[in-house]
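As C-alpha cells, the structure follows; a few thoughts come after it.
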Amino acid sequence: MDRFKEWKKPIIEEGKLTKWNWMVQGVKGLILGKKTDIGAFTYINSSYGVELADNVQIGSHCSIYSISTIDGKTGKVTIGENSCIGAHSVIMPGVTIGENCIVGALSFVNKSIPDNCLAFGTPCRVQWRTDNIKVNNEEYEYNKSIDRLCSKCNKYADVVIPNKIKLCSKCYRELEALK
C-alpha cells in the first residue's frame, strides 16, 4: 500500500503553519521533493536554501536552519532522497545529508553525512555505513562499521595516525601539508 498515492505538494505560506502544523521561513529558498513527509511542529528556515529530495521524512519537532543567528553561519541544507530525520533533531547551516540516510532522534547535525549511513548523537556522528554494490548485475550489501570512517570527512579511512585518529588519504595529505 502506497500511503502517498494521493500526495500533493502542500500550500506553504511565509511564517505560517501548514495544514500539518509545520512552518517555513524563507519559503522562496525551499525546494520540496515529491512524497516528502514533514512532522508536526517542525521549523525550516530556508533563507539560504533548503532542499528536501523525493521521499524524505522529517520527524516532528525538528529544526532545519540555513542561517544561524548565534554564530552567523549560513549555507544551503540538502537532505538526499529516501533519507529520514528522527524527531527533535536539529540540522545546522551548510549541512548535506546524503541519500538513504537515517538520522536518529534528538541528533544535532553540524557536519555533512555521506550516502547510505546511520548517524545519531549530539554532535551527530556516523555510526554505520551501508553501501549496496553490484557484481555481475546482482546487488550485494557491503557494510563498513564506524571504526573505519575518516574522522574529518566520514569517507572510508585507510590511515591511522597517533592517538588512533582515522583519516582517508586525502585528509591525511592535507594534514601533512600543514606541517
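Some observations on this one:
- Angstrom value of the Kirkwood radius, inverse mean 1/r, which spans all Cα pairs in region 20-102: 12.2
- Modelled spin-label separation between CYS153 and LYS8, with each label point placed 7 Å from Cα along the Cα-to-Cβ direction: 4.5 nm.
- Cβ-derived FRET efficiency at R0 35 Å, ILE165 paired with HIS88, nearest 0.05: 0.70
- At full extension, TRP128 and LYS28 could sit 32.5 nm farther apart than now, given 0.36 nm per residue minus the alpha carbon distance.
- Label-to-label distance, nm, for residues given as LEU118 and LEU175 (7 Å Cα→Cβ offset): 2.7
Here, each number is a calculation from the coordinates, and none is a lab measurement. Model, not experiment: these values are computed from the prediction. Using ideal geometry, Cβ is built from the backbone for each residue, glycine included, and neighbour counts are taken over all protein chains shown.
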